[in-house]
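Notes follow once the structure below has been shown.
The values are calculated or read from the model by the stated rules, or taken from the named source; none is laboratory data. This structure is a prediction, so every number in the text was calculated from the model and none was measured. Reconstructed Cβ throughout: ideal geometry from the backbone, glycine too, with neighbour counts over all protein chains shown. We work out accessible area using only protein heavy atoms, side chains counted, and drop any ligands, DNA or RNA first. Shrake-Rupley method; radii C 1.70, N 1.55, O 1.52, S 1.80 Å.
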Amino acid sequence: MKIGEQLKQKRLENNWTQAEVAEELFVSARSISNWENGRNMPDIESLIRLARLYRLSLDELLMEGSEMVEDLKKKEQAAQLSRILFFGPIMTSTLLLILMFILPSGLNRGCQFLIVAAAGTNFVPWLYLKMKIDRLKGREHDWEKEIRNSKIITLAALILILLFVAYLYTL
């Protein structure tokens, strides 16, 4: 029996509504519904509270719902990737842009453009890591939301590029 089915069965055995269980666990009723339908898994704290509420051992919950162990592994991978998500691309972009200002002022404009382009290419690995983290967390990638959010980022990037181009032509 999957963990979601087990949670639903225990809730119904106790004649509780999803809202009542949610109130006991300090989560939303929607979270309870998502757990029971297998859309996502409870975090470890909620799992402990569920075990206490339903008078089950964690072994019973985890062994019968083996997908929970896999979900915990995926969440740990996502947490590790989240730590490096911004560090790499931002650091290399910053270093490249600093390098552009430190180099001699007689530097070829083509070389300066290559440095700015190299800094901009960090967007691709950032997007890849972000999508991978979303998959590991069990979230589907919402392209419409991503496009709305990226409009601000794109505008900021264009302004920075225009500032750099203006700076290059003043040299």
Members of segment 1-24 that are in a helix (DSSP H, G or I) and surrounded by fewer than 17 Cβ atoms within 10 Å (Cβ to Cβ): E5, Q9, L12, E13, A19, E20, E23, E24
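For (1) open to solvent by 50 Å² or more (accessible area, probe 1.4 Å); (2) modelled with pLDDT of 85 or more, each residue gets a yes or a no:
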residue	(1), (2)
N34	no, yes
S46	no, yes
L50	no, yes
Y54	no, yes
E64	yes, no
M68	no, no
R83	yes, no
F86	yes, no
Near pairs, Cβ below 9 angstrom, 6+ apart or cross-chain, from segment 4-29 (closer than 15 Å to D43 by Cα and modelled with pLDDT under 90) to any residue that is part of a loop (DSSP other than H, G, I, E, B) and of a type in the set (A, V, I, L, M): G4/M41
Selection status of G110, surrounded by 12 or more Cβ atoms within 10 Å (Cβ to Cβ), more than 14 Å from the chain's Cα centre (by Cα) and at pLDDT below 70: no
